[in-house]
Amino acid sequence: MDSCVTAALAARTHRLAFLHADYGQRTEDRERACFHRLADHFRAAHRLVADFPALGTIGGSSLTDPAIPVREGAPAPGVVPSSYVPFRNAHLLAAATSWSEVLGAEAVFVGAVAEDSSGYPDCRPEFYRAYQEVVNLGTRPETRIRIVTPVIGMSKAEIVRQGQKLQVPFEMTWSCYQAEDVACGACESCRLRRRGFAEAGVADPLPYRAPRS
């Protein structure tokens, strides 16, 4: 949902190219299906599904290692959760930057959220500021690619309200970490999503397996 709202914001000023990452995550098939639906909805000029098999092989995350259970419940303040995929966003940004340089794109929009997220270190504003320097130093001298994080300072409720204003298709998004058919409603991501919709006073279009609390 964060990336969907980010795409809607980017669409106001840019032509869109959609990048999706397959890295062996539990909900890989559902996420990829949502990606294609959203690319169709936003009429993306280009789309790319990038494979990162090394992230699945490396493991260390409950999203990629079936032996590590997905944590259920609210995020624990100050604790990096088991769903953190080590340094994943650096891999995604590298692919997006490479593709942007080929396309001649001006910006990479990322739907990262800092304050109201699960505490991932690669979702912090300082990470994206540092990566901007990497992009500046590691691309052609004439290349100018900005890393843009328009929702990074928003809460989930603010993201939902912004999405309502932009008429984004939240029914085409997926947040659950462990189920692909009906969202579990209990993992950290589901709970953050449900809380965001509830605080925004907006009905979440997705059904959930677990009872609401």
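The values are calculated or read from the model by the stated rules, or taken from the named source; none is laboratory data. Treat the numbers as computed from the prediction; the structure is a model and nothing was measured. With ideal geometry, Cβ positions are generated from the backbone for all residues, glycine too; neighbour counts draw on all protein chains shown. Surface areas here come from the heavy atoms of the whole protein model, side chains and all, with no ligands, DNA or RNA. Shrake-Rupley method; radii C 1.70, N 1.55, O 1.52, S 1.80 Å.
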Pairs under 9 Å by beta carbon, first residue closer than 17 Å to VAL148 by Cα and of a type in the set (Ser, Thr, Tyr) in the range 2-29, partner open to solvent by 10 Å² or more (accessible area, probe 1.4 Å) and part of a loop (DSSP other than H, G, I, E, B), six or more apart or different chains? SER3/VAL110; SER3/GLY111; THR6/VAL110; THR6/GLY111; THR6/THR149; THR6/PRO150
Could you list, in sequence order, all residues of the range 88-130 that are closer than 22 Å to ILE58 by Cα, surrounded by 14 or more Cβ atoms within 10 Å (Cβ to Cβ) and not small (Gly, Ala, Ser)? ARG88, ASN89, HIS91, LEU92, LEU93, TYR120, ASP122, CYS123, PHE127
Subset of the range 161-180 that is small (Gly, Ala, Ser) and within 22 Å of ALA8 (Cβ to Cβ) - its residue that is farthest from the chain's Cα centre (by Cα): GLY163
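Please report, ordered by residue number, the helices (runs of 4 or more DSSP H) entirely within the range 49-138 with at least 1 residues that are within 14 Å of LEU19 (Cα to Cα).
On the way: elements: 53-58, 88-103, 125-138.
Correct list: 88-103.
For residues that are assigned to a loop (DSSP other than H, G, I, E, B) and open to solvent by less than 20 Å² (accessible area, probe 1.4 Å), tally how many sit in the range 156-174. Before the answer, list the steps.
Filtering the range 156-174 down to residues assigned to a loop (DSSP other than H, G, I, E, B) leaves 167-169, 173-174.
Then keep just the ones that are open to solvent by less than 20 Å² (accessible area, probe 1.4 Å); that gives 168-169, 173.
Looking only at that region, the number is 3.
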Can you find a residue that is under 23 Å from TRP99 (Cβ atoms), surrounded by 16 or more Cβ atoms within 10 Å (Cβ to Cβ), under 14 Å from the mean Cα position of the chain (by Cα) and touching a residue at least 40 places away in the same chain (Cβ under 8 Å) anywhere in the range 181-194? no
Return only the number of the condition from (1) under 25 Å from CYS184 (Cα atoms); (2) open to solvent by less than 40 Å² (accessible area, probe 1.4 Å) that ALA50 does not satisfy. (1)
Number of the exception - GLU28 against (1) open to solvent by 20 Å² or more (accessible area, probe 1.4 Å); (2) out of contact with any strand residue (DSSP E or B) (no Cβ under 6 Å at 6 or more places or on another chain): (2)
Close pairs from the range 113-132: first touching a residue at least 60 places away in the same chain (Cβ under 8 Å), partner open to solvent by less than 30 Å² (accessible area, probe 1.4 Å) and basic (Lys, Arg), Cβ under 7 Å, at least 6 apart: ASP116/LYS156
